[in-house]
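All remarks here apply to the structure that follows.
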C-alpha cells in the first residue's frame, strides 16, 4: 500500500479546500480536522472523504465561505447556525463556544443546525482537554440504521465522543458509532470481498445478513447490541438521543430526513429542519472538584483498569483512546498508508482543481 | 402470582422507611421512587430491593437521617454530598438542584458522592419533564461487569436515563443498563431455572456462558455489545463514562471499589472516595429553541419513528419509554404482581419492624 507523509497530505488537502473557496483559516481548520482521522487510524473519515466533500460543494450543498453564527444563547448554552458550511469548520467553532461558556458558567452546551459532515467526533471533543475540561461531541448523519423491530433506515451511525483529561496518563478518549459496526468497517470488508460477522447488518426484509454490500440492496446497519435479545433497543435509544440533541434541539433535519452524504443521493423531501445537526459539550473539571485532584484520580482509574486481569489470549485491557493514540504516534513517524482506490480518487480531485497529488 | 395494589405497597414501604428512621418527607420521596420501578415493570429495582436497603441500614452503610448538602457549585454545576443517605432520597435532591441551576443558567449538572443505590434512573430523569427540560440521570454500582478482553469485574451495570418532553405524544424516556442485559434479567432466569442467551455473561475464565447463576461463580456480566466483534468496547466505554461522571467527578468510590449492594459483601479495601456516585443533568429546552416549537418537532419525531416499517412478525416500532408507560397504566389499574420469594422477603421485613404485610 502506498504511504504518504502527513505533511504531503496536509499540503494537498489544504490546497483542495482553498480551491473550493475556503479562507486560509477555514482551510487550516478543515485540513487539521480531516487528517486527524487518518492519523488516528479512522481511515474511513480522513482523506478518503475528500472527494465526497468536493462533490457536495459542486452540488451546492456545502458553502465554502459560511457566516457561522450564534443565533440563541444563555449563560451555559448556545445554538449555532453553520450556514451550510463544512462540518469540519463549523464544529470547531461551536466547540470553542462551548469551551468559552464553560469558562464562565462551569459548563457549555452547543447544538448546531445547518451544517455538514464533521469528520471524527473525537477530534472536536479533544479540544476541551487542554483547558482541563471534559469534552463531548456528537452528530446525526444520513439514515442507514434500522431501529429495533424495523426494516426502515431511520437513523445515522450517530457517533458519540467523550474526552476526559488525566495527569501523567494519556487522556480517556471514547469515540464510537452507536451501531454495532460503523459504516467504514463495511467499506473495508467490501474492498477485501469479505463477509461481515452476523449481527452487523440485516437485509431489506429484516433477516440477518453477512453481505458487506447489503446497504446498496436496501439493507440496514443494526444499532449497537445487534438484536433485541442482545440490547439493540439500547443502541437504538443512544442513536435517537444523538439525533434529538443534535438536530431537534437546534432546528436541523432529523431522523430519516437527515441530508445524505453522497452528493448523488437526492435530498429528502419535506425536511423538517436545516442541514445536519451536531451537539457539543464542555465541562470545566474545577466546576466540580479541583482539577489536579480529579486528574490524579483519573490516573488511578486508568492504571487500575489497564491492569485488570486480562482474558486468556489477551495482553492487557485497553483504555478508550489507546489504539488511536498509538496509531497516531506510528503514522506521524512512518506516514499514512492509503489504499489504491483512495489514491485514484485523490488524483481525480487533483485533476479537477489543477493540483498535483 | 399474588397481586398487590399500589396503595398497599405504598403504605407498607412508607412504614418500613419510617421504621429505619426516615423523616416523613424522606420516607415519601423514597417510597415514591422505589415503587416507580414496580409500576414501570422494572421488578428487580422495586420492593424486591426493600429488604436489601434495610440490611444496608442494619450494617450502618445507610444513614436514614442524612444531612444532604451542596459542597461546591458554579452557575451551571454542583457537587452534592449525600451523607450516606438512601440514593432514593439523595437523587431527587440532586436532580432538583440541577433543575434550579437550569432555570438560571440554561443547564444544570450535578455530580453526587457518598450516596447509595437510587432505584431506577428514569424516575429521576423524568423530574425534568414538567419543567420543559430534558433530564438525565446515571449512577455507578457494584462491580459485576468485565471490560472487553478482561475477566475481572471492574464496572457496575451503570445505567443511563434520558427523558425528553414532547407535546401531544408521551415523553421519550430511555433508561438502560450499559450492559447487554441488566442483572435483574439474570434474576428472572434464575427463578425459572433457565439459561441466559449467549452474549450476556462469561465464566470466571472469560469463556462464553449461559449459566444464569454465573455471577455467584466469579463470572461477569458483559458490556453492551457482548464481544469485541459486536462492539463490547463501546458498552465498556459507556459504562466507564458513567463511572467517571458519577464518581471520579464527585469524589465517590469508582470502578472495582464501588460499594457493593449486598450488605454481606465486605466493603472494598482502600476505597478512593466516599460511597456510590450519581450524575444528573437538566437542560431547559428554551435555552436552545422555543419549547413549543421543540415539542412539536418531538411529536413529529415520535410519530415518524413509531410508524417506521416494522419487520415481519412485529406490529410496530417502539419509542423508548413505551413499554414502561403502558405497564404503569396496567399496574395502577390492576395492581402489582409479586413473585413468592419477594412476598416472603417482605413478610420477613414486616416481622423485623413489627409491621404487617
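The values are calculated or read from the model by the stated rules, or taken from the named source; none is laboratory data. Keep in mind the model is a prediction, meaning the values are calculated, not measured. Virtual Cβ from ideal backbone geometry, glycine too; neighbours counted across all protein chains shown.
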With the requirement that a residue be more than 9 Å from chain A (Cβ to nearest Cβ), surrounded by 24 or more Cβ atoms within 10 Å (Cβ to Cβ) and over 12 Å from residue B:146 (Cα atoms), what does segment B:203-246 give you? B:242, B:246
Just checking, does segment A:66-73 include any residue being at pLDDT 95 or above, part of a loop (DSSP other than H, G, I, E, B), touching a helix residue (DSSP H, G or I) at 6+ places or on another chain (Cβ under 9 Å) and crowded, with 24+ Cβ neighbours inside 10 Å? no
Mind telling me which of the residues B:239, B:251, B:255, B:231 ends up being in the same structural domain as residue B:134 (by TED's automatic domain parsing), at positive phi and within 19 Å of the chain's Cα centre (by Cα)? B:255
The conditions are (1) over 21 Å from residue A:98 (Cα atoms); (2) modelled with pLDDT of 95 or more; (3) away from chain B (no Cβ under 11 Å), and residue A:276 fails exactly one of them. Which is it? (1)
Of B:240, B:226, B:253, the only residue that is farther than 22 Å from residue B:58 by Cα, in a loop (DSSP other than H, G, I, E, B) and touching a helix residue (DSSP H, G or I) at 6+ places or on another chain (Cβ under 9 Å) is B:226
Out of the residues in segment A:2-44 that are in a loop (DSSP other than H, G, I, E, B) and under 20 Å from the mean Cα position of the chain (by Cα), which is surrounded by the most Cβ atoms within 10 Å (Cβ to Cβ)? A:42
When segment B:316-333 is examined, which residues are found to be within 8 Å of chain A (Cβ to nearest Cβ), without any contact (Cβ under 8 Å) to a residue 24 or more places away in the chain and either in contact with a strand residue (DSSP E or B) (Cβ under 6 Å, 6 or more places away or on another chain) or surrounded by fewer than 15 Cβ atoms within 10 Å (Cβ to Cβ) (or both)? B:316, B:317
Name the single residue that is surrounded by the most Cβ atoms within 10 Å (Cβ to Cβ) among those in segment B:266-287 being touching a residue at least 24 places away in the same chain (Cβ under 8 Å) and part of a loop (DSSP other than H, G, I, E, B). B:275
Provide a single number: the residues in segment A:220-266 that are at pLDDT 95 or above and more than 26 Å from residue A:206 (Cβ to Cβ). 7
Residue satisfying all of: in segment B:74-99; in a loop (DSSP other than H, G, I, E, B) and more than 11 Å from every other protein chain (Cβ to nearest Cβ); farthest from the chain's Cα centre (by Cα) among these: B:83
Filter segment B:247-261 down to residues that are at the interface with chain A (Cβ under 8 Å from one of its Cβ atoms) and crowded, with 24+ Cβ neighbours inside 10 Å, then give me how many there are. 6
Counted residues in segment A:164-200 being over 17 Å from residue A:238 (Cα atoms), assigned to a strand (DSSP E or B) and within 9 Å of chain B (Cβ to nearest Cβ) come to 2
For segment A:105-125, check the following and say yes or no: at least one residue is surrounded by 24 or more Cβ atoms within 10 Å (Cβ to Cβ), over 30 Å from residue A:213 (Cβ atoms) and under 12 Å from the mean Cα position of the chain (by Cα). yes
Taking the conditions exactly as written (closer than 27 Å to residue A:220 by Cβ and assigned to a strand (DSSP E or B)), does residue A:137 satisfy them or not? yes
Filtering segment A:334-354 down to residues that are under 30 Å from residue A:172 (Cα atoms) and either at pLDDT below 95 or more than 24 Å from the chain's Cα centre (by Cα) (or both) yields A:334, A:339
Counting just the residues of segment B:100-115 that are touching a residue at least 24 places away in the same chain (Cβ under 8 Å) and assigned to a helix (DSSP H, G or I), which one comes out farthest from the other protein chains (Cβ to nearest Cβ)? B:103
What's the number of the condition residue A:158 fails, among (1) over 26 Å from residue A:110 (Cα atoms); (2) in contact with a helix residue (DSSP H, G or I) (Cβ under 7 Å, 6 or more places away or on another chain); (3) assigned to a loop (DSSP other than H, G, I, E, B)? (1)
Could you list, in sequence order, all residues of segment A:151-163 that are facing chain B (nearest Cβ under 7 Å) and surrounded by fewer than 24 Cβ atoms within 10 Å (Cβ to Cβ)? A:151, A:152
